[in-house]
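Structure record follows, encoded as structure tokens.
A short reminder: the numbers here are calculations on the coordinates, not readings from a lab. Remember, predicted model here, so these are calculated numbers, not experimental data. Here Cβ is always computed from backbone atoms with ideal geometry, including for glycine, and neighbour counts include all displayed protein chains.
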Amino acid sequence: MLVNGKVFVVTGGGSGIGREVVVQLLKKGARVAALDMNENSLKETAGLAGDFKDKLTTHVVNITDRAAVDQLPEAVIAAHGAVDGLVNVAGIIQKFVFFKDLPMADVEKVMNVNFYGPLNMIKAFLPHLLKRPQANIVDVASMGAYAPVPGQTIYGASKAALKLFTEGLNSELMSTNVRVTTVYPGAINTNIAANSGVVATAEQSGSAPKIKMTEAPVAGAAIVNGIETDAYRVIIGSDAKMMDFLSRLMPKKSAEIIYKQMASLLPKE
């Protein structure tokens with residue numbers, strides 16, 4: 001589906017990958033409703049819209065608030081006349097601790113944002129997308145959905161749940177006008193840790209493995225291209241592509257490789 005002239009809703013539009021998706025959609029001629037919990041971040045995104053700012057609206061919303069999300073379609077359609085696409089980017093990571101040490105409140109928060117948030121958005125917008133000649137849903141999962149990262153077990157579980165939900169949704173919508181894409185980023189250079197309220201200790205920061213990260217604009221471009229090519233899967237970054245291959249070829253060994261790479265970030269027993 002070519003994005004020119006279409007209307008998209010993008011969650012997490014205030015920073016990182018979400019902001020890049022917003023800006024790149026605008027540059028390609030789309031209209032965009034950018035969503036985020038942080039009003040200041042949305043203002044910064046609007047400031048980057050430049051000559052395309054008349055095609056952008058910003059909406060401060062918590063995607064885990066189902067009642068608030070249910071009101072969004074009416075607001076977006078009132079502002080833009082229709083909605084043709086939904087890009088669920090918003091997500092958070094967890095503290096780098098073992099599951100046994102992660103408070104249940106943190107478990108619920110990660111699951112609510114990463115799984116129920118996109119589910120709430122799709123539930124609200126799908127009836128409207130089904131009425132369009134062409135429509136698209138994009139869910140941003142993670143390399144962690146197929147490659148287990150110790151210290152991020154609940155984050156990975158939330159993204160794995162989103163992965164299978166999105167794939168199931170794709171199957172349910174095969175005979176409709178709505179195409180569905182799942183995105184698997186590897187390590188992306190964004191401020192997701194700060195936005196998640198996760199602050200590494202000095203010891204963790206000093207011993208963190210040196211990982212080559214993909215820049216956010218590259219990730220944003222890959223997602224927009226995935227929309228325009230009706231891609232089933234979009235894998236972003238050499239790390240994500242390698243682990244996608246290894247996790248299928250030798251799943252146990254790939255888990256051991258990740259463990260060794262991340263061991264310096266894990267708490268000492």
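Taken along its three principal axes, the alpha carbon spread of the stretch 119-189 comes to 43, 21, 19 Å, from the longest extent down to the shortest.
In plain terms, the chain from K123 to A221 could stretch by 32.7 nm, reckoned as 0.36 nm per residue minus the Cα-Cα distance.
Full extension of the segment from D230 to V60, taken as 0.36 nm per residue of separation minus the current Cα-Cα distance, would add 58.3 nm. If you wrap the Cα atoms of the chain in a convex hull and average its projected area over all directions, you get 13.9 nm². Rounded to the nearest Hz, the phi-derived 3J(HN,Hα) couplings of the stretch 159-169 under the Karplus curve 6.51 cos²θ - 1.76 cosθ + 1.60 (θ = phi - 60°) are 6, 5, 4, 5, 4, 6, 4, 5, 5, x, 4, where x marks glycine and proline. Across every pair of non-identical alpha carbons in the stretch 1-112, the mean reciprocal distance, once inverted, gives a Kirkwood radius of 14.8 Å.
On a full-extension model of 0.36 nm per residue, what is the gain between K131 and S238, subtracting their alpha-carbon distance, rounded to one decimal in nm? That works out to 34.8 nm of additional length.
The simple spin-label model puts a point 7 Å past each Cα toward its Cβ; for K53 and N177 those points are separated by 3.4 nm. When you restrict to C-alpha pairs under 8 Å that are six or more residues apart and normalise by the size of the stretch 70-195, the relative contact order lands at 31 percent. Residues whose amide H comes within less than 5 Å of that of S196, counting only those at least five positions distant or on another chain, are I93 (H built at 1.01 Å from N in the peptide plane). Among residues other than T153 with Cβ under 14 Å from its Cβ, the summed charge is +1 (Lys and Arg +1, Asp and Glu -1).
Determine the sum of side-chain charges near G13: Lys and Arg each +1, Asp and Glu each -1, restricted to other residues whose C-beta is under 12 angstrom from that of G13.
-2
On the basis of the beta-carbon distance and an R0 of 25 Å, A187 and D101 show a calculated FRET efficiency of 0.60.
For the chain, the relative contact order works out to 20 percent when only alpha carbon pairs closer than 8 Å and six or more residues apart are counted. Considering only S171, A124, V76, the residue lying farthest towards the positive end of the dipole of the chain is S171, judged by Cα position with unit charges set on Cβ.
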